[in-house]
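Every number in this text was worked out from the coordinates using simple rules, so none of it is lab data. Keep in mind that what you see is a predicted model, and the values were worked out from it rather than measured. Please note: Cβ atoms are built from the backbone with ideal geometry, for glycine as well, and neighbour counts cover all protein chains shown.
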Amino acid sequence: MEFSIQQIAALLGGEVKGDGSVKIHTIAKIQEGHAGAISFLSNPKYENYIYTTAASAVIVNKTFEPRQPITATLIVVEDAYTAFSILLEEYAKIVKAAKVGIEQPSFVATSATLGSQVYVGAFAYIGNNAKIGNNVKIYPQCYVGDNVRIGDNTTLYAGVKIYANSEIGRNCTLQAGAVIGSDGFGFAPQADGTYKTIPQLGNVVVKDNVDIGANTTIDCATMGSTIIEDGVKIDNLIQVAHNVSIGKNTVMAAQSGISGSSTLGENCIVAGQVGIIGHLNIANRTTILAQSGVTKNITKEGITILGSPAYEQADSIRMYVAYRKLPDMMKRLDTLEKKVKTMDVQES
Amino acid sequence: MEFSIQQIAALLGGEVKGDGSVKIHTIAKIQEGHAGAISFLSNPKYENYIYTTAASAVIVNKTFEPRQPITATLIVVEDAYTAFSILLEEYAKIVKAAKVGIEQPSFVATSATLGSQVYVGAFAYIGNNAKIGNNVKIYPQCYVGDNVRIGDNTTLYAGVKIYANSEIGRNCTLQAGAVIGSDGFGFAPQADGTYKTIPQLGNVVVKDNVDIGANTTIDCATMGSTIIEDGVKIDNLIQVAHNVSIGKNTVMAAQSGISGSSTLGENCIVAGQVGIIGHLNIANRTTILAQSGVTKNITKEGITILGSPAYEQADSIRMYVAYRKLPDMMKRLDTLEKKVKTMDVQES
Amino acid sequence: MEFSIQQIAALLGGEVKGDGSVKIHTIAKIQEGHAGAISFLSNPKYENYIYTTAASAVIVNKTFEPRQPITATLIVVEDAYTAFSILLEEYAKIVKAAKVGIEQPSFVATSATLGSQVYVGAFAYIGNNAKIGNNVKIYPQCYVGDNVRIGDNTTLYAGVKIYANSEIGRNCTLQAGAVIGSDGFGFAPQADGTYKTIPQLGNVVVKDNVDIGANTTIDCATMGSTIIEDGVKIDNLIQVAHNVSIGKNTVMAAQSGISGSSTLGENCIVAGQVGIIGHLNIANRTTILAQSGVTKNITKEGITILGSPAYEQADSIRMYVAYRKLPDMMKRLDTLEKKVKTMDVQES
């Protein structure tokens, strides 16, 4: 892809200062700019870079007054940061749209249906009765099991595995190696010490605008559905167990896990490496800080919790502050005991 | 698949009350019942649902006495819960048995041998001299390296990767993305600060009736074998390092890890996000609670440990209870110091 | 592969005692020796095994004086341990070299270029303009996106996924299921509680001699590059977020994670299940012990840190030692309070 600076300025509603015919083919930070790249300057602390950058074009604020000559062509806009964000999105859309068609060899069951503008990469597998929406991009080596439904504009990067009967909404992005619908971890202990596997017959339902990270695993429900609501963002290497429900617009950072049948509210923020045990209810707008272990229901909305086990942040910090002083407290206790002993002796 | 209620009743040894000719094609919870689904009622606290459920059939106990009219057909059995479990298992067996044959394109080395009733999905790879037992189901995009052996009735879901020379037993289930036999993490530090990779020449031996979760990784031994004994159940995203041995019927929950050369006993229960350092021996029937870090051998059988580092549960809880009171203890210590100082002044 | 003991002795510069014509086809520990295997004896505490081992050959030190008859053929060398290490490496090289050629069906874009002695396994995908060096081994079901570069002698085991525009150096090994270049986890919160995905346009640059574990995920930079420097060794199931930089010869053990934009120095050692929050700088030669949570910059080189949150090891241990005595401290504080109260009463 290649656009002239003039074309980009038109897209952003900006004014060109310099040679608008120069071709741009990529995007770079101003301090890493190079020929053919476009950058932006918004934060004044980066201003010095604009006088030395090798970028072909720089997007700048209307209010920007150069103090030295600049070799790059400028695109002058109301708000350089916002304009740059728009540019990034347009770029991402173009990159995404570029993949269309069915690469060979791939496997599409005759009973599967594909929408328009679909990409099916080589070695992708689409099972019986699967329904794939419009503009869906299925990268190479993805597995889409029988009866799976995938909504419009969803992207599955290479090697995503979706078990039979799962449902994926619209505008979702699943990163490479994510697994949706694996069997829940359910075993009935037997008298002889062995375990009997409990059949897992439910599915996973992922609603719209959900992002799921690389190598993350979401188990199917034992019966019914494991549910990921609209707008949820899940990072890499996360475990979501059977029959979990994650509320709208909740965000989970990498390597966190949530155990069977727990319900996470809406607009929660879960930091990295958090664990949540099974059968809990976590209220809306709960923030759970990194490496916390959640062992109890959270009923009050909007609080921040911390620690393993996790308590409200202020409590946890108070305990932790005291913990740091523990060696000192021990010395003080020793001293006090000796003193009291001496006093006691004097008295008697 | 579709069965009449009469056929299902015959399978379960139950008596039909209502229209036995109605067709059933799926299973649902009683509160989520819909036309074509069969549910069960065992726990009296769900009784109200039976009068309103849209399920076509409900399995009930002999002792159940309806207090209102019921539209669903009933199957009356001795024990509704047990009958339903049997039904789930039969259903799972039928689903599993449905996949048979070699899909194309797949890659089966000419020196590999396949048993009867095998399923090899499209884009699956079976290497030289691999031996695949009867009724093995290898889903699309699995990799079975050279010389791998897989016992009867084992299922590899989509994208499982098994390195050369690994051995997998009978009746095992490996969820999507599991990796068996990756190189152990062994490096010899060199004088110049670099590391030299230590060749990993052993393998992984997985015995019978083992379940392995999605995207879990089990490294091969440096020499000899990493061993997963009969009946072990391993959840998703678990790390099992080189030369580890996991005893019979031990269960590990998601995101736990066990480091090189450690031995975990039989019938242990390891909760989620537990870490076990290298070269340890963990006694039989040890329970390790969530997020614990095990740093020492456990020699006494049947105990429960907790914490990072982990101690016996009662000790850990005693410490933790005191920890919660630490801010209060600090205040008490301050008060006491002041008081003693005053007393001391008074005395002198 | 099969070699005579005589051939192996020649490779190691050793002297044969016994039948040098016996064929060797594998390597085993002396206590697990069997016909056709070669073992070694270096540590005197294993000496007894040499008199009973079924191994066909044993490498021994020049200084070794047998006290009983030995059936195995001996290869006598200066240093048996070193000789055995050399043998392991040669064996690993031979195993690796054995895979050459393009298996079918595979997908190699016409604009991609492949070096000599390359292996491309079946169902591997190599995208547009990808550049693959000499002696690169790409196992089945790997995905190499558009414009990816892979240096000489690098191995990608089955199912590795490398997103478009990533760069992988020479002599690297990526274990099965590793994901390189997945989108960084970046979302801008909106006024209505939803999140807007921030396009991730950077890439991942992996330098030379890097090892990356199974199912590990390394996200691309938002802009610029996520960088893994020469000689870094990363274990299984590790998360490396967008715009992270990991310095030369740093080692990370399984299930650790490092958040966005953090920089890890050179020759650091990160143990298992460690978490490092975003935007930190960790000095060279920092050692981070298992399950630690790093929340602050580490500016002093060469220190060891521990705990969640992590402090210098001596401080953390001092706190922890006091923590273990907390229940006892509480009793002592109770006793002291009572005593002081009594004394106070006596005085007044």
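When the convex hull of its Cα atoms is viewed from all sides, chain C shows a mean projected area of 30.5 nm². For the range B:3-97, the share of DSSP beta bridges that are antiparallel, to the nearest 5, is 30%.
For chain C, the relative contact order works out to 6 percent when only alpha carbon pairs closer than 8 Å and six or more residues apart are counted.
Within 12 Å, Cβ to Cβ, of B:A254, how many net charges do the neighbouring residues add up to if Lys/Arg are +1 and Asp/Glu are -1? Once all neighbours under 12 Å are counted, the net charge is -1. Applying a threshold of 19 Å to the alpha-carbon distances of B:K96/B:K137; A:K161/B:K93; A:K338/C:K331; A:K161/C:K131 flags A:K161/B:K93; A:K161/C:K131 as lying beyond it. Each copy carries a label point for B:Y46 at 7 Å from Cα along the beta-carbon vector; from one copy to the others these points are 5.7, 5.7 nm apart, nearest first. Please report how far the C-alpha centroid of the range C:285-348 lies from that of the range A:163-240, rounded to the nearest whole angstrom. Measuring centre to centre over Cα atoms gives 41 Å.
Could you give the size of the charge dipole of the range C:3-97 about its Cα centre, using +1 on the Cβ of each K and R and -1 on the Cβ of each D and E, expressed in debye and rounded to the nearest 20?
Working: 8 positive and 9 negative charges, 34 e Å.
Computed about the Cα centre, the dipole is about 160 debye.
Couplings for the range C:143-160, taken from phi via the Karplus curve 6.51 cos²θ - 1.76 cosθ + 1.60 with θ = phi - 60°, read 10, 10, x, 4, 6, 5, 10, 10, x, 4, 6, 8, 10, 10, 6, 3, x, 5 Hz in order; Gly and Pro are left as x. The range B:269-348 gives an Rg/Rh value of 1.32, both radii derived from C-alpha positions and Rh following Kirkwood. The overall shape of the range C:137-214 is prolate: from the C-alpha gyration tensor, with semi-axes ordered a ≥ b ≥ c, the ratio a/c is 1.5 or greater and a/b exceeds b/c. Projecting each Cα onto the charge dipole of the range B:101-315 (Lys/Arg +1, Asp/Glu -1 at the beta carbon, about the Cα centre), which of B:A241, B:V274, B:P309 comes out farthest on the positive side? So the residue we want is B:A241. Work out the charge dipole of chain C with +1 on the Cβ of Lys and Arg and -1 on the Cβ of Asp and Glu about the Cα centre, then indicate which of C:V58, C:Y163, C:S261 is farthest towards its positive end. Farthest along the dipole direction, towards plus: C:S261. Rg of the Cα atoms in the range B:219-300, relative to 2.2 N^0.38 Å, amounts to 0.94.
The GNM of chain A, with springs linking C-alpha atoms under 10 angstrom apart, assigns the highest mean-square fluctuation among A:I24, A:I269, A:I258 to A:I24. Mean residue ellipticity at 222 nm, helices only, chain A: -6000 deg cm²/dmol; runs of at least 4 DSSP H residues each add -39,500 (n - 2.57), and the sum is divided by the number of residues. Taking label positions 7 Å along the Cα-Cβ direction at both C:K196 and A:E32, the computed distance is 2.3 nm, reported to one decimal.
Once the C-beta distance of B:E89 and A:E90 is scaled by a Förster radius of 51 Å, the resulting FRET efficiency is 0.45 to the nearest 0.05. Taking every C-alpha pair closer than 8 Å and separated by at least 6 residues, the mean separation divided by the residue count of the range A:167-230 gives a relative contact order of 43 percent. Once Rg and the Kirkwood radius are both taken over the C-alpha atoms of the range B:1-53, their ratio Rg/Rh works out to 0.96. Just checking the listed ones, A:T173, A:T287, A:T63: in the Gaussian network model of chain A with Cα springs under 10 Å, the one fluctuating most is A:T63.
The mean number of partner chain beta-carbon atoms within 10 angstrom of a residue's beta-carbon across peptide B:243-254 is 3.
Pairs of Cα atoms nearer than 8 Å and 6+ residues apart set the relative contact order; for the range A:201-281 it is 23 percent. Each part reduced to its alpha carbon centroid, the range B:1-69 and the range C:94-130 end up 56 Å apart. Normalising the Debye intensity of the protein assembly as shown to I(0), with uniform scatterers on Cα atoms only, and taking log10 at q = 0.08 Å⁻¹ returns -0.88. Under a Gaussian network description of chain C, with springs only between Cα atoms under 10 Å, the residue in C:L11, C:L326, C:L174 that fluctuates furthest is C:L326. Under 5 Å from the amide H of A:K23 lies no amide H of any residue 5 or more positions distant or on a separate chain, with H modelled from the backbone and absent for Pro and chain starts.
For C:E15, the shell of other residues with beta-carbons less than 13 Å away shows a net charge of +1, using +1 for Lys and Arg and -1 for Asp and Glu.
Close amide-amide hydrogen proximity is noted between A:G169 and A:G151, A:V206, A:K207, each under 5 Å apart and 5 or more residues distant or on a separate chain (H modeled in the peptide plane; Pro and chain starts excluded). Summarising the amide proton neighbourhood of A:N203: residues at separation of 5 or more, or on other chains, whose placed amide H is nearer than 5 Å comprise A:A221, A:G224, A:S225, A:T226.
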